[in-house]
Amino acid sequence: MKITSVEVWTVVVPTIPGRVHSPELVPETGWDQMPKHLLRLNTDTELCGLGETDRGLPIEQVREGAGLLQGRDPERLTLQDIYNMPGERGAGLPQVGRGPAYSAFEMAVFDLVGRARGLPVHALLGGAGRGRVRADYWMGQQTPEDSRRSVERALKLGFKGIKIKCQIEDQMVARMQAIREVGGKDFKVTVDPNERFRTAEQTIALARELAPLDNVEVFEDPIPKSDLEGYARIHEAIPFPVAMHLGEGASMLRALKAGVVDCFNLGGSLMGFQKNAAVAAAAGMACWHGSGNDLGIIDTAYIHAAAAAPNCTLASDFVGSWTREDDLITEPIAFVDGHVPTPMQPGLGVELDTAALERYCQAHETLH
């Protein structure tokens, strides 16, 4: 089997109005207008493999990555380093799992190889450790009133918790009170200000105000991750677990050596996530899989990755299917009782929705 061409669709899928931010807090989402690229690796057989880039990735990187795979046999690629070219390593430790549009092409190769072997992607990652993966609902910066409505919707969909975006200037106590009034104290909240609680002192003061509500799951990235001294003060003072959202082992080791985290929100490619989760597991810590408010292909890949990591036991962020107008796959991701069933079909187990793709496609090209 040989890869004969790569089809690329550049798409823009807006978010559903009111689903992410309250307009009086954030008038324009902005990031939903950044393009994504959907990939299909075609072969000299009937088999193909699908991938999806992060938003905003330059198309030039997609073209460059396609050139590294053209004419190659996907079943003979090194799955932990798909661009690996024998004889091109220099001195020192090799840099694996890197390169242009790497995560998207790795995803497509795993999908293709899984289809060829009749195995789900998580089997190629070492096997699923669970039949379902925890998942929480998600919302952006919202007023207490809009937060109440979001939690009502989350409960109707069977979710057991929620992740919220925020900043120190928001009505945090009133918002968290509104969430508790609707969901109760067992409906837990991951509080993620993207470093916008600004300082350790402000974070600690807010944590003390929220403690009586008893509905905080974790504080994620409360202040800039470079401020390890601030994190140390926060970790010592607040009654909630502290997490950092990180994407590679070196940053994780830095946080672990400083002793300032209790768990991790992790990213990385399919194989990269497994390596990052292993670092957390070696420290005896649980993790969850992060997200970029993506589409159906990449969200499904996250589910496979999370299922294969034994310590990925916290609720992950598979959120694109209810924040975006469409996920561009034929069968939507199922959320049942705060979990996603682990996919068992060969490959990723998804197919492109060609009718929806036509509505949101900005450009299409085939790379030979």
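What the table shows:
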item	result
Relative exposure of 107, 139, 34, judged by other C-beta atoms within 10 Å (fewest first)	34, 139, 107
Cross-link table 2/163; 36/185; 185/225; 2/275, entries beyond 31 Å C-alpha to C-alpha	2/163; 36/185
DSSP bridge orientation in the range 132-341 - percent antiparallel, rounded to nearest 5	15
Top of 156, 36, 188 by mean-square fluctuation, Gaussian network on the chain, Cα under 10 Å	156
Longest to shortest principal axis, alpha-carbon extents of the range 132-341, angstrom	48, 41, 24
Sequence-separation-based contact order of the range 132-341, relative, with Cα cut under 8 Å and 6+ spacing, percent	22
The range 188-203 versus the range 312-368: alpha-carbon centroid distance in Å	30
For the chain, calculated [θ]222 nm from helices alone, where every DSSP H run of n ≥ 4 adds -39500 (n - 2.57)	-10000 deg cm²/dmol
Sequence-separation-based contact order of the chain, relative, with Cα cut under 8 Å and 6+ spacing, percent	22
Cα convex hull of the chain, projected area averaged across orientations, nm²	18.1
Long-range tail of P(r) for the range 249-368 (Cα pairs > 17 Å, %)	61
Fraction of beta bridges assigned by DSSP in the chain that are antiparallel (%, nearest 5)	55
Longest to shortest principal axis, alpha-carbon extents of the range 1-56, angstrom	54, 16, 12
In the range 7-94, GluC sites (Glu not before Pro) in a DSSP loop with at most 10 other beta-carbon atoms within 10 Å	24, 28, 46, 88
Along principal axes, Cα extents of the range 134-199, largest first, whole Å	35, 24, 18
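The numbers here are math on the coordinates, done by the rules we state, and not lab data. Being a predicted model, the structure only gives us computed values, none of them experimental. Note that we place each Cβ from the backbone using ideal geometry, even for glycine, and neighbour counts take in every protein chain shown.
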